[in-house]
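Here is the structure we will look at.
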Amino acid sequence: MRDAERVDLAGHTGTPDSADARRGLFKRVSLSLEPCHPAGMTNRIQTARERAARALCRLEGNPEDRMFEGRPMWESYLPQVDAVLEAALGPGALAAIRAEPE
C-alpha cells in the first residue's frame, strides 16, 4: 500500500485527494505486528493479538483488566481476534503471530 493511500473499514482504498477522503470516509491505517508497550507499563510488551483483543474489549464497553473466569477480560476476545487475523492474513501468518512470546 502506498503511503498516501487510505483504507476504510471495509478495506476499500482511495487517495487523500479523492472526494471520499475529503469527506472523511477513509482513514489512514497500519497493521503493526511489532509488540508495543501499553501506557504506563514499560516492563511488559503487548503483542498484536493482545492489542487487538483489548481494543475489542473496549469497543464493547468492558474493562480490559477486570478478572473474568479467572483471567483478564481482554483474553476472552482472543478467539475473535484469531478468527479475524486468520481470515485477513492466512493460517501461516496466524501461527507465526501466535508463536510470539507473551
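The requirement of being modelled with pLDDT of 50 or more, loosely packed, with under 14 Cβ neighbours inside 10 Å and either part of a helix (DSSP H, G or I) or within 16 Å of the chain's Cα centre (by Cα) (or both) is not satisfied by ALA52. So which residues in segment 77-102 are surrounded by 13 or more Cβ atoms within 10 Å (Cβ to Cβ), closer than 20 Å to ARG44 by Cα and either under 13 Å from the mean Cα position of the chain (by Cα) or without any contact (Cβ under 8 Å) to a residue 60 or more places away in the chain (or both)? Matches in segment 77-102: TYR77, LEU78, ILE97, ARG98. When segment 58-81 is limited to residues that are touching a helix residue (DSSP H, G or I) at 6+ places or on another chain (Cβ under 7 Å) and assigned to a helix (DSSP H, G or I), the one that is nearest to LEU94 (Cα to Cα) turns out to be VAL81.
The values are calculated or read from the model by the stated rules, or taken from the named source; none is laboratory data. These figures come from a predicted structure and were not determined experimentally. Every residue, glycine as well, gets a Cβ built from its backbone with ideal geometry; the counts of neighbours run over all protein chains shown.
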